[in-house]
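One structure is given here, and the rest of the page talks about it.
The values are calculated or read from the model by the stated rules, or taken from the named source; none is laboratory data. These numbers were taken from a predicted model, which means no experiment stands behind them. Cβ placement follows ideal geometry from the backbone for every residue including glycine, while neighbour counts extend to all protein chains displayed. Please note that ligands, DNA and RNA were not included when accessible areas were found on the heavy atoms of the full protein model with its side chains. Shrake-Rupley method; radii C 1.70, N 1.55, O 1.52, S 1.80 Å.
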Amino acid sequence: MPAPLARAWKPALIAGIVVVYVSAVGLIEQFAEVYAIGTQVSLARVLLLLPLFLAGWVATRTTVERGERKVLAMPQAALSGAVTGLVGGAMVSIVLLAVDAIDPDTIGEVLIAVSTKLLGIVSFDQSLGTGIVLWLVLGAVVGALGGVVRALSPGARRVVLAGPLTIGVLAILQRVVSTAIKELGFRPDFLYDSKTSGLTWAGGIAAAVIVTLAVVGRDVLRSRPEAAAAPAARPAAASTGLGGFTTRQLVQGAVAIIAVLALPWVIGTALSGTVGTVMIFILLGLGLNIVVGFAGLLDLGYVAFFAFGAYATALLTGAQVNTTDGAGDPAFSLGLNFYVAIPIVVLLAAGVGLLVGSPVLRLRGDYLAIVTLGLGEVVSTLVTSKWAEGLVGGPQGMRDITGGDIGPTDFQNNPRHFYYLALVFVLLALYTSWRLQYSRVGRAWNAMREDEQVADAMGISTTRYKLLAFATGGAIGSLGGALLAIQLGSLTPRSFDVNVSILALAVVILGGLGSLRGVMVGSLALVGLPGFLREFEEFRPLALGAVIIAIMLLRPQGILPNVRVTEDIADEDRDQDAWARAAAGQPATETSAVEPA
Amino acid sequence: MTAILQLNGVEKAFGGLKALDGVTIDLNEGEILSVIGPNGAGKSTLFNVITGVYTPDAGNILFRGRSVVGLAPFQVTTLGISRTFQNVHLFPQMTVLENAMVGQHCRTKAGLFGALFPFGSTRREEARIRERAVAALEFFGTRLAGYRQRQPAYVLSYANRRRLEMARAIATEPTVLLLDEPTAGMNPRETLELRDNINRMRDELGLTLLVIEHDMRVVKGVSDRVIAMDYGKPIAEGTYDEVANDPQVIAAYLGTKAVG
Ligand SMILES: Nc1ncnc2c1ncn2[C@@H]1O[C@H](COP(=O)(O)OP(=O)(O)OP(=O)(O)O)[C@@H](O)[C@H]1O
Ligand SMILES: [Mg+2]
């Protein structure tokens, strides 16, 4: 097999399958009318061609052959990418021909998303023949681009990708950004087309150019000799700012604070509500991150704490249960002030954490996951049950949950106000996680996660720290539940099924176990994105599955892993290690004991 | 000399296999006692019953005159017996420094509250943990110094992983240190360096050591006394020369069952 083809066939095959798959499940049709830029580039078309770009990128990777690193130079990179794209395009074409031959509507009886209409969309709204030609040509071009981008130096790659990524982000966040522009008192017409609601060509290109220039400008500034020498001189400069921070850090911090405080006023009421939900899941993610990310205890029943927080808040603040004939007083209820109730809820949730934790102390890994899954279900079943009807309303749930309002605020009906309440909770949870991470407790958890038996042998009481993890994680999760109760004003058991556990876990895993920034990004991507672009909503489960599988395969440490773990290890080191081991036929030994000066 | 660790007729069986069959050993304060024996003789099992990983079926284990039988491993470590493992077991995703800091866990107290409000005593304690962990790492000179301390443990070379495991054990501030084949997998130069380090552990850190070792140059170079085991029983005990020339020991190593 000629070299480019040998590299190409696997990525091309996977890309082809991805294209067929996203089409067959209906994702493409859903996005056919969502325009990224102009009327030519719909998100559907981006989604169709992106796999081929990535395939070209993957095919051009550096490989290690017989102990030698093979880096592709530019012309070969373009060739390998193009071949990959072409093969991928050809595969899609074959499927298109096959579908056409069998008749799409017959297939549609089994795979309901497949139809003549879909065939048209996938053929770029052309006849089948033209569509196939387009697939081959565009496939080769897009694949070649993938290869070329891979072969660029990191600096050049950043510059080249800045524009397209800007357009991509602006397109995906079209609702958010256009609302923000409106709220700021401008008309978004210069950027977004009011008819397609996608970017205009002029606006999109202008934005891309501006961002590209900004990236180039920054790189030029950084590469000046004085700037390159700066890191060495930094200790002296560091003391010039306030309280040990550099002026630059102070400015960045101030901008961040203002942005966070102003956010709800910029993005509008509806999106503030979405962000509120994102923050509830940040709380769940942060709490679960302590259990799974820090302590390594795979908990699939985390919804228990969410439910507990919500119902306990409702009961302590004096909500009503729904009955068949209206509302009634629950069997137990205290009319406490919200801010008195919250610390009690948190403490009780920590107690529930101990309760959940103690029966599973001896279980590890898969067994722990299954038992906690069961415990989560027990909680869902309990709140739905007849037995608990008098207390929490059974299937009808509870209503009239109020509280927390101070003066003129209205957390329940004004998402902007709710945002600030959620912000306070999130900041508390962030502070807790951040402090714990690098403390004696955090180290004990990490040690336990890495190797429970060895942690024990090194003097750590694993029983104690497991219980502490469940209690702390549970307490933070209950805060999420309390927020949900306030946000909705009413509760039904439907809000507390196993999907919450799975979504919370996906939030933690997507961002990278143990990473606090990761939890925020994960929650924005999995909870926020569907709210920002409604078309995503239906496909969240699909996205969840795909994201989790892809991450397990490609980046077991997550997208934004806990940085200290990986910062020192470049790809290069690993390749070298593998090479050295293969060459020596044994584990690599120490190369040099000399420290770089 | 006083015996700091005493084993009296310790037995441990796995199914029908007697891994330890009436082991009686006195470990004197300040000595280095080596344990040798062919594969499967029960040497690692000996470490595991001392440190609480396994509970012995019979017999007693006294540390400073108090029985440690039935204690959990973390309790034994807290009392002052620390160990390394035959197959290196680090916390691979944690940094080198953090690995050593975990060793200090049993000598410190800060909990949830201390983590959230890091003032006064917590802050001083954290500084002390760091200081002692660095000191434990620097027992091996520049091998685990400087930038290496910020690297995750899994990037270390094999020899350095073994050193880190020992540094972590030292960081628990033990009185008795158990080393399970500390030179396994090291090259000759590293092996000799470690031989000297084991002697320094006693001389500079004042530790009492029980060392399982296969490399006879190391055994010869560190041991005050040597015990040879076979089939779960001590078969010879004495100076290196006495044990190395014992006919039963030679027979055990040649793989024939000891006769008469
Ligand atoms: N957990 C266990 N379950 C069953 N058998 C075990 C267990 N641990 C050890 N054994 C058996 O006990 C015997 C002694 O094992 P041990 O590991 O103590 O030997 P060793 O002297 O350390 O040998 P080596 O030099 O190979 O490390 C072996 O036959 C081993 O297979
Ligand atoms: Mg052994």
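When restricted to Cα atoms, segment A:298-342 yields an Rg and a Dmax of 12.8, 42 Å, respectively.
Quick note on chain B: its Rg to Rh ratio, both from C-alpha atoms and Rh being the Kirkwood radius, is 0.99.
Tell me the chymotrypsin sites (Phe, Trp or Tyr not before Pro) within segment A:295-351 that lie in a loop according to DSSP and have at most 14 other beta-carbon atoms within 10 Å.
Details: sites: A:Tyr302, A:Phe305, A:Phe306, A:Phe308, A:Tyr311, A:Phe332, A:Phe338, A:Tyr339; in loops: A:Tyr302, A:Phe332.
Counting only loop positions with at most 14 other Cβ atoms within 10 Å, the chymotrypsin sites (Phe, Trp or Tyr not before Pro) in segment A:295-351 are A:Phe332.
Scanning residues 5 or more positions from B:Val35 or on other chains, those with amide H under 5 Å from its amide H are B:Val211, B:Ile212, B:Glu213, B:Ile227, with H placed 1.01 Å from N in the peptide plane. Show me, for segment A:304-319, the HN-Hα J-couplings you get by feeding each phi into the Karplus relation (A = 6.51, B = -1.76, C = 1.60, θ = phi - 60°), rounded to Hz, glycine and proline as x. Coupling constants for segment A:304-319: 3, 6, 4, 5, 4, x, 5, 5, 5, 4, 4, 5, 6, 9, x, 7 Hz.
Would you work out if the protein assembly as shown is rounded, prolate or oblate? Take a ≥ b ≥ c from the square roots of the eigenvalues of the alpha-carbon gyration tensor; rounded if a/c is under 1.5, else prolate when a/b is larger than b/c, oblate otherwise. Here the protein assembly as shown falls in the prolate category. Per-residue ellipticity at 222 nm from helix content only, as computed over the protein assembly as shown with -39500 (n - 2.57) for each DSSP H run of at least four residues, stands at -18500 deg cm²/dmol. Heavy atoms of the protein chains alone define the surface here; on that basis the protein assembly as shown has 46 Å² accessible area per residue at 1.4 Å probe size. Amide hydrogen proximity for B:Met94: with H placed 1.01 Å from N in the peptide plane, the residues at 5 or more positions away or on another chain lying under 5 Å are B:Ala153.
The amide H of B:Ile235, built 1.01 Å from its N in the peptide plane, has B:Ala228, B:Met229, B:Asp230 as neighbours under 5 Å, considering only residues 5 or more places off or on other chains. Within 10 Å of the Cβ of each residue in B:105-113, the mean number of Cβ atoms contributed by other protein chains is 4.
At a Förster radius of 56 Å, what calculated FRET efficiency corresponds to the Cβ-Cβ distance of A:Gln252 and A:Ile17, to the nearest 0.05?
On the way: r = 43 Å, r/R0 = 0.77.
Here the calculated transfer efficiency is 0.85.
If you take every DSSP beta bridge whose two residues both sit in chain B, what share of them, in percent to the nearest 5, is antiparallel? Counting only bridges with both partners in chain B, antiparallel ones make up about 60 percent. When the Gaussian network model of chain B links Cα atoms closer than 10 Å, the mean-square fluctuations of B:Ser82, B:Ser34, B:Ser44 top out at B:Ser44. Sequence-ordered 3J(HN,Hα) estimates for segment A:57-69 from the Karplus curve with 6.51, -1.76 and 1.60 and θ = phi - 60° stand at 5, 5, 5, 8, 5, 6, 10, 10, 10, 6, x, 10, 6 Hz, glycine and proline given as x. Rounded to the nearest 5, the antiparallel percentage of DSSP beta bridges internal to the protein assembly as shown is 65%.
Could you pull the accessible area for B:Leu112 with a 1.4 Å probe, rounded to 10 Å²? Estimated to the nearest 10 Å², B:Leu112 gives 60 Å². Around the Cα centre of segment B:1-112, unit charges on the Cβ atoms of Lys, Arg, Asp and Glu (plus for the first two, minus for the last two) sum to a dipole of about 240 debye. Diffusion coefficient (Stokes-Einstein, Kirkwood radius over C-alpha pairs, 37 °C, 0.692 mPa s) for segment B:77-140: 251 µm²/s, rounded to a whole number. In terms of its C-alpha gyration tensor, segment A:357-464 comes out oblate, because a/c is 1.5 or above while a/b does not outweigh b/c.
For chain B, with a Gaussian network of springs between Cα atoms less than 10 Å apart, report the residue from B:Asn60, B:Asn199, B:Asn87 with the top mean-square fluctuation. It is B:Asn87. With 21 Å as the limit, the listed pairs B:Lys12/B:Lys220; B:Lys43/B:Lys233; B:Lys43/B:Lys220; B:Lys18/B:Lys233 have B:Lys12/B:Lys220 beyond it between alpha carbons. The portion of the accessible surface of chain A made up by carbon and sulfur, rounded to a whole percent, is 68 (1.4 Å probe; DNA, RNA and ligands excluded). Which aspartates and glutamates have a Cα less than 17 Å from the Cα of B:Lys109, not counting those fewer than 8 places away in the same chain? Of all the aspartates and glutamates, those that pass the test against B:Lys109 - Cα under 17 Å, at least 8 places apart if same chain - are A:Asp456, B:Glu98, B:Glu125, B:Glu126, B:Glu131, B:Glu173.
Here the translational diffusion coefficient of segment A:3-225 follows from Stokes-Einstein with Rh set to the Kirkwood radius across Cα pairs; for 10 °C and 1.306 mPa s it amounts to 84 µm²/s. Solvent-accessible area of chain B (1.4 angstrom probe, protein heavy atoms only): carbon and sulfur portion equals 53 percent. Could you tell me the calculated FRET efficiency between A:Ser223 and A:Lys117, based on Cβ-Cβ distance and R0 = 45 angstrom, to the nearest 0.05? Result of the calculation: an efficiency of 0.30. Phi angles across segment A:395-411 convert, under the Karplus curve 6.51 cos²θ - 1.76 cosθ + 1.60 with θ = phi - 60°, into 3J(HN,Hα) values of x, 6, x, 10, 8, 6, 7, 9, x, x, 5, 10, x, x, 6, 9, 5 Hz, Gly and Pro given as x.
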